[in-house]
Every structure is written in C-alpha cells, then in structure tokens.
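Have a look at the structure below, then the notes.
The values are calculated or read from the model by the stated rules, or taken from the named source; none is laboratory data. None of the values given here were measured: they were computed from a predicted structure. All Cβ positions, glycine included, derive from the backbone under ideal geometry; neighbour counts span all protein chains shown. For accessibility, only protein heavy atoms count, side chains too; no ligands or nucleic acids. Shrake-Rupley method; radii C 1.70, N 1.55, O 1.52, S 1.80 Å.
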Amino acid sequence: MKTAPWTARICMGIAASIAALSAHASTDASAMTDYLDDNYQRYAGIARTIWESAELGYQETESSNLLQKTLRDAGFSVESGVAEIPTAFVASYGQGEPVIGLLAEFDALPGISQTDSPFREIRQDRNAGHACGHHLFGAGSTAAAIAVKQWMADNDVPGTIRLYGTPAEEGGSGKVYMVRAGLFDDVDAVLDWHPASLNSANPSTSLANKSAKFRFYGVSAHAAASPEKARSALDAVEAMNFMANMMREHVPQETRIHYVITSGGSAPNVVPDFAEVFYYVRHPKAETLKGLWERVMATADAAAIGTGTTLKAEVIHGNHSLLPNTVLARALHANLTTVGGVDYDAQERAFANRIDETLNNDRDITGWESTIQPFEEELGMGSTDVGDVSWRVPTAGVRTATWVPGTSAHSWQAIAAGGTSIGYKGMMVAAKTLALTAAQLFQQPDTLAQARAEYEERIGPDFEYEALLGDRDPPLDYRK
C-alpha cells in the first residue's frame, strides 16, 4: 500500500482529536458503556434468538423483524424492504448532518450446523448455522446504535445516526444493491465490525469477488443402451472445471478460484440433461478480476460447444475490495484499546481449552482474546460486500474476539462459541467501540474531513463506482 501525502498530518490530527474528546466527554462515554453493560443480557438474548433461527441470505425474515422491532421500540424510524429486498432496512434517529452509519448483518451459512457444545455436535433439526457470527454482528451493531441514540438525545447532539440492516452478505451481495440504490449517498462515515478470534481495528483490504451459477442443458438417454443419443450436461460441467483448473497456472498469484457442483445428475445409468456448477473468482483489484472473469466465462462457453449442450449463466453476486481508511481505523483502534478485550471466567476458560484442542494451532495464541493487536495495514484474503460501501463513503471496521483464539470463520467451532457468553462478551466489546467512535465523530468535524480527504485521495479523481454484478435484480432465491 502506498504512503499518501496526507498520512503524517492525519495521524497527528486524529491523535489530537481523540485526546480532546477524552478530555471533555468522559461522562458521556461512561454513560454509553454503562448502558451497554446494564443491557448485556438483553442484547445477548437477541443474538441468541438470531443464532437459533439461523436464516439464510434473503430469507432472514425473523431475524430482520427482531432487529427492526428493537430499533423502533428505542425510538428509531425504520424503513423496511429497501433496495427491493424484503429483509433489508434502514433505521434512523436524529436529523441533519453529520450522518454516521453503522452496518448490521444477520444471515447464516448453509451446510453447517452445530450446538453450543465445545465438541462436534451436528444439529439434526437444521442444515445451517451462524458460522460467521452474523447473529452477533446484527445484535451488536443494534446495541451500539441505540446507545448512541440515547447519548444524542441526552446531550442534544445534532446529526443523524443510521443503522443499515444488510441481508445476504454470504454470497448474496445485499449491500451492493443498497449502495446501487443510493442509500449511502448522504453518509459522512460508516463504521462496522465483524466477529473474529482476536481484537483489532486495522485498516484492511480484501479481495474483489464475482460469482455465477453455470447451468448446462443437454439430452438424457440410457447410459448403456443408447449413449449416442445423449448430450451430457455433467460432461460440460467437468469440461469447464478442467479448463478452469488449467487456468490456475496462468493467473496472477493473488487470484482465487473456487467452485462447487450443485447438480450433477441422479443416477449413473441416466445421462444427465441438466448440471450446474457455482463459481467464485477473486482478486485484489476489480479491473483485474473483470479480465479473469471473461476467461472463466470463455471456459464455460467452450465446454458447452464441445459437449453439444446449452449454457445459461446467472451472475449471483459481485463485490469490490475493501478500501481502507486510516483516519477512521485509528479512531476505532484508540477506542478499542480503551474498551479492552475479553476476559474469560473459569467456565469460559474450560470451554475455550476444549475448543483449542480441536484447532491444531501451530503456535500458542492463548490470551489473544484479552489483548489488542498492534495497528498496521493488512491484506485480507476474504471478500465482503462492505467493500462496495467503502468505495462510496469513508468506511472502517473493527474485529473482536467472539471466538476462541485460532478459530476459523465458517467452522463449527465458530458456531459453538458464538452461541455462548464468549461470543456475547466479544459482541459487547464491539458495541462499545462502535458507540464511542460514533460519538467522537459527531463531535469532531475535523476528523470527518480528514477521513473524507483520505477517501478521495485513495479513489482518485477519475473513479466512477460501478457494481460488479451489473444491473441484475437481487437474487432473492439464491439459497433455495
């Protein structure tokens, strides 16, 4: 990452701003954190309810309704069904500028379930789980928004606090449709967080990502008696995968290509007349990703021609990479350091030790839950639709230890810890950090101006936002 000319003066300016805030707002800060401490059980209960629901992307009706009701009851005005997505919403309190946005996710992942036990116990009553902790994400951001709202009301603070209920982060790009609909156009800064196995607020990048379902249509016939009459859709899928795998040698090393065959036939003696493969392609730069995507599309076209089948490709999602904002990240880091990490009690420590035995960590990271990671810029290898938000408005996020140190996202261990007090404690660390930072931004126009200057420097004078998924409608049935 290049060092921009504004870096030194911004670092000094943000440090001075944070010091000034702490000198005159300690009472306000303690009121917000006291509120969150006093309401720990309430928000833990909300998170647990969403954890139990484990609803997939664009199907999060109960989870979305619960968060909306919680915000309405707290005095927010809520607009439901925004961006043509039934489970998306925007909750607002206050009026005028500045406008500070918080993000809330609440979708679960398919194909993985788990109890809140430290041992592998698949739940037979469902085939989905919160393996990325979005139940905590939604509840924690809601808690922070309400704490800020009460602080604004008590202190006659001008401006608007806005919480965005964003569905289908996991492969559905819910935020992209909300960005495309202009819902972030008047926002001065966006803060978000994500469950993790450590505590950090580092400015991070991610991989731009695009996906599609490639559906091949052929002709079925008896595989032994009349194979010459058939045209195998499964052959087309396998031919595409073979060519795509050969591509791996000839792409930039940061590229990631993954696929899963979602339909390949039902019986070996029936040549499949339909088969489907679901692809993700990632790269740090959106422009490079576009070229890679054209090459993957070419393998699909060639596979259809070579097997005598017909291809229909449906783009499912597309996310830009995260655009870091050091100004906002430093503010989050300072407040995260003030809040501190997670302290386990004896029961939580015993739970963590049992989880740790399943993780095969190659180094001792015991205690990471209670420490704050050093501040530094990072390259993340995942992807998120927060990236599109960050290319429209200055954005920064924090990660907190809601999982046992060393736990991977999208794992049964993440679901297990996320359903216990370990997850809830980490969630409240995030809620306090977001609330303190939002309050700081309301009182510091200079900090917002510095964040905007950095944002404009990074995007450059010629940047025009374009959704990587094009003009398609939200894929509301992509998990069905």
Can you pull the three principal axis extents for the Cα set of the stretch 234-291, in Å, largest first? 44, 18, 13
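Carbon and sulfur together cover what percent of the accessible area of the chain at a 1.4 Å probe radius? Walk me through the intermediate numbers first.
Numbers: 9610 of 19420 Å².
Answer for the chain is 50 percent, counting heavy atoms of protein chains only.
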Per-peptide average of other Cβ atoms within 10 Å, ordering 169-178, 405-414 highest first: 169-178, 405-414
Whole-angstrom Cα spans of the stretch 371-449 along principal axes, big to small: 43, 26, 23
By the Cα gyration tensor axes a ≥ b ≥ c (a/c under 1.5 gives rounded; else a/b larger than b/c gives prolate, otherwise oblate), the shape of the stretch 354-400 is prolate
Quick one, can you get me the convex hull of the C-alpha atoms of the stretch 78-133 expressed as volume per residue in Å³? 134 Å³
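Do the sum for the chain: with -39,500 (n - 2.57) for every DSSP H run of n ≥ 4, divided by all residues, what is the mean residue ellipticity at 222 nm, to the nearest 500 deg cm²/dmol?
Values: 14 runs with 199 residues, N = 480.
One gets -13500 deg cm²/dmol as the mean residue ellipticity at 222 nm.
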Express in Å², to the nearest 10, the accessible area of V327 obtained by rolling a 1.4 Å probe over the protein heavy atoms while all chains stay in place. 0 Å²
So, by mean Cβ neighbours within 10 angstrom, what's the order for 380-388, 144-152 with the highest one leading? 144-152, 380-388
Would you work out if the stretch 131-191 is rounded, prolate or oblate? Take a ≥ b ≥ c from the square roots of the eigenvalues of the alpha-carbon gyration tensor; rounded if a/c is under 1.5, else prolate when a/b is larger than b/c, oblate otherwise. oblate
Hey, can you grab everything whose amide H is under 5 Å from the amide H of R479? Only 5+ residues off in sequence or another chain; H modelled, so Pro and N-termini drop out. none
Mean projected area (nm²) of the alpha-carbon convex hull when the stretch 377-421 is viewed from all directions: 4.3 nm²
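Given a 1.4 Å probe and heavy atoms of the protein chains only, how would you sort R349, R472, largest accessible area at the top? Display every interim value, and only then the final one.
Numbers: R349 75, R472 50 Å².
So, going from the largest accessible area down, we get R349, R472.
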About its Cα centre, how strong a charge dipole does the stretch 343-418 have in debye, to the nearest 20, once Lys and Arg get +1 and Asp and Glu get -1 at the Cβ? 160 debye
Cα gyration tensor category, rounded, prolate or oblate, for the stretch 307-452 with a/c compared to 1.5: oblate
Tell me, what is the Rg over Rh of the stretch 273-387, with Rh the Kirkwood radius over Cα pairs? 1.16
Calculate, in nm to one decimal, what S30 and I122 gain on full extension: separation in residues at 0.36 nm each, minus their alpha carbon distance. 29.0 nm
Alpha-carbon Rg with Dmax, taken over the stretch 47-123, Å: 15.3, 50
Label point 7 Å out from T61 along Cα-to-Cβ: which residues of the stretch 85-115 have amide N under 17 Å? 85-89, 107-108
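With a 1.4 Å probe and all protein chains left in place, how much accessible area per residue does the chain have, in Å²?
40 Å²
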Leaving ligands and nucleic acids out of the surface, order R392, R120 by accessible area at 1.4 Å, largest first. R120, R392
For K285, which sequence-distant residues (separation of 5 or more, or a different chain) have an amide H within less than 5 Å of its own amide H, given hydrogens modelled in the peptide plane? A208
Would you kindly find the accessible area of Y344, with a 1.4 Å probe and non-protein molecules such as ligands, DNA and RNA excluded, rounding to the nearest 10 Å²? 40 Å²
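How big is the charge dipole of the chain about its Cα centre, in debye rounded to the nearest 20, if each Lys and Arg gets +1 on its Cβ and each Asp and Glu gets -1 on its Cβ? Kindly include the intermediate steps, with their values, before the conclusion.
On the way: 38 positive and 59 negative charges, 140 e Å.
Dipole size: approximately 680 debye.
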Across 10 Å bins beginning at 0, the whole-percent shares of Cα-Cα pair distances in the stretch 202-269 come to 15, 37, 25, 14, 6, 2, 0
The simple spin-label model distance between D471 and E97, using points 7 Å out along Cα→Cβ, in nm, is 3.2 nm
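Once you compute Rg and the Kirkwood Rh from C-alpha atoms, what is the Rg to Rh ratio for the stretch 116-269? Working shown, then result.
Working: Rg = 23.8 Å, Rh = 21.3 Å.
Dividing the radius of gyration by the Kirkwood radius yields 1.12.
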In Å, the Kirkwood hydrodynamic radius of the stretch 91-190 over pairs of distinct alpha carbons? 15.4 Å
For the stretch 118-131, what does the Karplus curve 6.51 cos²θ - 1.76 cosθ + 1.60, with θ = phi - 60°, yield as ³J(HN,Hα) per residue in whole Hz, taken in order and with x for Gly and Pro? x, 10, 5, 9, 5, 7, 6, 8, 7, 10, 8, x, 8, 6
Karplus ³J(HN,Hα) for the stretch 202-209 (6.51 cos²θ - 1.76 cosθ + 1.60, θ = phi - 60°; Hz, whole; x = Gly/Pro) runs 7, x, 10, 9, 8, 9, 5, 8
Could you give me the percent of Cα pairs per 5 Å distance bin for the stretch 155-221, shortest bin first, beginning at zero and ending with the bin that holds the maximum distance? 3, 8, 15, 18, 19, 12, 8, 5, 4, 3, 2, 1, 1, 0, 0
Tell me, what is the Rg over Rh of the chain, with Rh the Kirkwood radius over Cα pairs? 1.00
Give a residue-ordered list of calculated ³J(HN,Hα) values for the stretch 171-186 (Karplus: 6.51 cos²θ - 1.76 cosθ + 1.60, θ = phi - 60°; whole Hz; x for Gly, Pro). x, x, 6, x, 5, 4, 5, 6, 5, 4, 7, x, 6, 10, 5, 9
At 1.4 Å probe size, what's the solvent-accessible area of K312? Round to the nearest 10 Å². 120 Å²
Semi-axes (Å, rounded, descending) of the ellipsoid equivalent to the stretch 247-329 per its C-alpha gyration tensor are 33, 15, 11
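Relative to the present Cα-Cα distance, how much length would full extension add between R452 and K290 at 0.36 nm per residue of separation?
Here the segment from R452 to K290 would lengthen by 55.6 nm.
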For D156 paired with D364, estimate the spin-label separation in nm (one decimal), with each label point 7 Å from Cα along the Cα-to-Cβ line. 5.7 nm
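Probe radius 1.4 Å, ligands and nucleic acids left out: which of F216, F119 has the largest accessible area, and how do the rest follow?
Working: F216 0, F119 115 Å².
The most accessible residue leads, giving F119, F216.
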